[in-house]
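Contents: one structure, followed by commentary.
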Amino acid sequence: MRPSLFRPMLPPKSTKPVAPAVQGERYKEAISLAFCQPTVRAMFLYHAFDEVGRLQWQSGLYYVDHTPKPSLRIVRDAFQEVKRGVIARCPGMRLKVTAKATFQTPRLAASAGKRGSAIHFQLRCNLDCSYTSGVIDLANGKSILAKLGKAIGGKVTTVRLPARVLPRGRYRMVVSLVAAVNPGRASRKASLPFVVK
């Protein structure tokens, strides 16, 4: 008779579970380790809900009565950090930011530059990103206004450049972005040219 290829699932060796906060931190550690592995595409947490018997699995993020454990928030936050690309620093990992930049229209930018009010634009990165932004004088390629900052992945950030009267000329707003953690090649965005008369 051939031995069975399937073994019955054994109960946990300990019936003394860890505190829910410790459970959440352990799951977060596992999620961080998985994030750094280039071939991992998904993660399965065993179980979502605790089993009824005390001698059975108590590894869920919810108690038997379906109320959330304190570990649920830790795990949710960990998965948000994965989505934002900031859960762990990983040797060799280089994340590329994709971003949408919504610049002021050339007419509004020119008007702000002429009056000396802040030229601004909106930025939305897929990951947490660090940005270098500014206004470039198209006559000589020099940066006239500059601002550095960070943006949270998935959220719209308004970038306000220093308020200053611009001399007559042609300009363009530019922004360069890299991932805040595990940075890869920079992404660049530029506005249409605007003219201050």
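The values are calculated or read from the model by the stated rules, or taken from the named source; none is laboratory data. What you see is a predicted model; the values in this text were computed from it and never measured. Backbone-built Cβ (ideal geometry, glycine too); neighbour counts: all protein chains shown. Please note that ligands, DNA and RNA were not included when accessible areas were found on the heavy atoms of the full protein model with its side chains. Shrake-Rupley method; radii C 1.70, N 1.55, O 1.52, S 1.80 Å.
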Check your understanding: With respect to the numbered conditions (1) out of contact with any Asp or Glu (no Cβ under 8 Å at 6 or more places or on another chain); (2) modelled with pLDDT of 95 or more; (3) within 14 Å of Pro20 (Cα to Cα), which one is the sole condition not fulfilled by Asp77?
Key -> (3)
Review point. Of everything in region 161-178 that's open to solvent by 30 Å² or more (accessible area, probe 1.4 Å) and either more than 24 Å from the chain's Cα centre (by Cα) or modelled with pLDDT under 95 (or both), which residue is nearest to Glu81 (Cα to Cα)?
Key: Pro162
Revision key, fill the gap. Going through region 123-154 in order, the residues found to be under 14 Å from Ala101 (Cβ atoms) and exposed (fewer than 15 other Cβ atoms within 10 Å of the Cβ) are Gly149
Review point. Restricting attention to region 21-44, which residues are open to solvent by 90 Å² or more (accessible area, probe 1.4 Å), farther than 26 Å from Arg94 by Cβ and either not in a helix (DSSP H, G or I) or not basic (Lys, Arg) (or both)?
Key: Phe44
Point to revise | Residue ID - farthest from the chain's Cα centre (by Cα), chosen from residues in region 80-124 that are of a type in the set (Ser, Thr, Tyr) and at pLDDT below 95 | key: Ser111
Point to revise | Subset tally (residues that are of a type in the set (A, V, I, L, M) and not in a strand (DSSP E or B)) for region 118-140 | key: 5
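For region 57-89, which residues satisfy the criterion of being in a helix (DSSP H, G or I), open to solvent by less than 40 Å² (accessible area, probe 1.4 Å) and hydrophobic (A, V, I, L, M, F, W, C)?
Leu72, Ile74, Val75, Ala78
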Revision key, fill the gap. In region 100-115, residues that are open to solvent by less than 50 Å² (accessible area, probe 1.4 Å) and farther than 13 Å from Lys197 by Cα total 3
Check your understanding: Is it true that Lys100 is within 30 Å of Ala163 (Cα to Cα) and part of a helix (DSSP H, G or I)?
Key -> no
Exercise for review: Search region 125-156 for residues being more than 13 Å from the chain's Cα centre (by Cα) and of a type in the set (S, T, N, Q), and hand back the single one that is farthest from Glu81 (Cα to Cα).
Suggested key: Asn140
